[in-house]
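Accompanying notes for the structure given below.
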Amino acid sequence: MDHIDVLDAVKRAYLDLRDVYEHLSGLAIMALVLALAVSAIGFFLSGLGFALLGQLFRLAVHIGFGFVTAPYLIAVHRFILFGKVTTRYDLELGDPRLQRFFGWTIVFALLSAAPAMLSSILPVPGLLRGVLALALAIAALIVMVRLIIVLPAVAVDSDRATWRNAMADTAGYAGRILLICLAAALPVGLAAVILSAFSYGFGFLAFVVVLIQGAAGVIIASLLAAIASRLYDRSAIGFRRSAVL
């Protein structure tokens, strides 16, 4: 993988997002509706039980989000890499491509949830618990950004879509990839925070805030898919990607 300019990559991601919404608008709307439904279910379940149970519910919501948005994100990867416009939102459980893609989204969900869950169940003092959670979160984040190119590889049916190849191709680029992802997600995240603050200010229910965050999650997932596709296209995996449409 050659040199990656952060600002150019972020600009390219937003241009790709514009093209995705232009050509895959139907799928984007369906992904948004399904993601909001999952967020709504998660909202009503999150208040049940003790802290660890609440974390398990949040993990289940993340996994559910990954499942319902998988057909859309696969279509985003294939559109950016092949120019293929997908017209059907196919949640066919028997589809090997969907199974592999969803399996990897579970891996990402587990990695993102593991630091908080492990730090909450391990018998360590309060200060050390915080340090442990931070260390685990940093480690999980590094692994996730280095594995990000696996998702487009799976979406285009590459036979090189393995964690070993992804880790090898992104060696030395974790920091730069993280900066690209954070810079791309920041405007959407800030907009969600501002809208959430206005919602609280006008007395709307916390439920509305959850929906705002769910919508922001779909947009950020789209941006990350665009970034992952471009990184994959520049990687050694991408050079040998499958051309099967």
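Observations on the model:
Results for (1) of a type outside the set (S, T, Y); (2) within 19 Å of G214 (Cβ to Cβ), shown as yes or no for each residue.
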residue: R78; (1), (2): yes, no
residue: T86; (1), (2): no, no
residue: L93; (1), (2): yes, no
residue: A109; (1), (2): yes, yes
residue: A140; (1), (2): yes, no
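- Residue in the range 138-152 that is surrounded by fewer than 14 Cβ atoms within 10 Å (Cβ to Cβ), modelled with pLDDT under 95, assigned to a helix (DSSP H, G or I) and at negative phi present: yes
- Candidates R129, R160, R164, R176 - the one that is over 18 Å from S222 (Cα atoms), touching a residue at least 60 places away in the same chain (Cβ under 8 Å), among the charged types (D, E, K, R) and assigned to a helix (DSSP H, G or I): R176
- Residue tally, condition in contact with a Leu (Cβ under 7 Å, 6 or more places away or on another chain) and aliphatic (A, V, I, L, M), over the range 209-235: 9
- The condition of being in a helix (DSSP H, G or I) and either under 19 Å from L224 (Cβ atoms) or modelled with pLDDT of 95 or more (or both) holds for only one of I41, I74, that being I74.
- Checking each residue in the range 101-126 for being among the aliphatic types (A, V, I, L, M) and either in contact (Cβ under 8 Å) with a residue 60 or more places away in the chain or over 20 Å from F65 (Cα atoms) (or both) picks out A116, M117, L118, I121, L122, V124.
- Being of a type outside the set (K, R) and more than 21 Å from the chain's Cα centre (by Cα) is true of L128.
- Criterion: of a type in the set (S, T, N, Q), within 23 Å of L17 (Cβ to Cβ) and more than 12 Å from the chain's Cα centre (by Cα) - qualifying residue of T87, T105: T87
The values are calculated or read from the model by the stated rules, or taken from the named source; none is laboratory data. Predicted, not measured: the structure shown is a model, and the values here were computed from it. Using ideal geometry, Cβ is built from the backbone for each residue, glycine included, and neighbour counts are taken over all protein chains shown.
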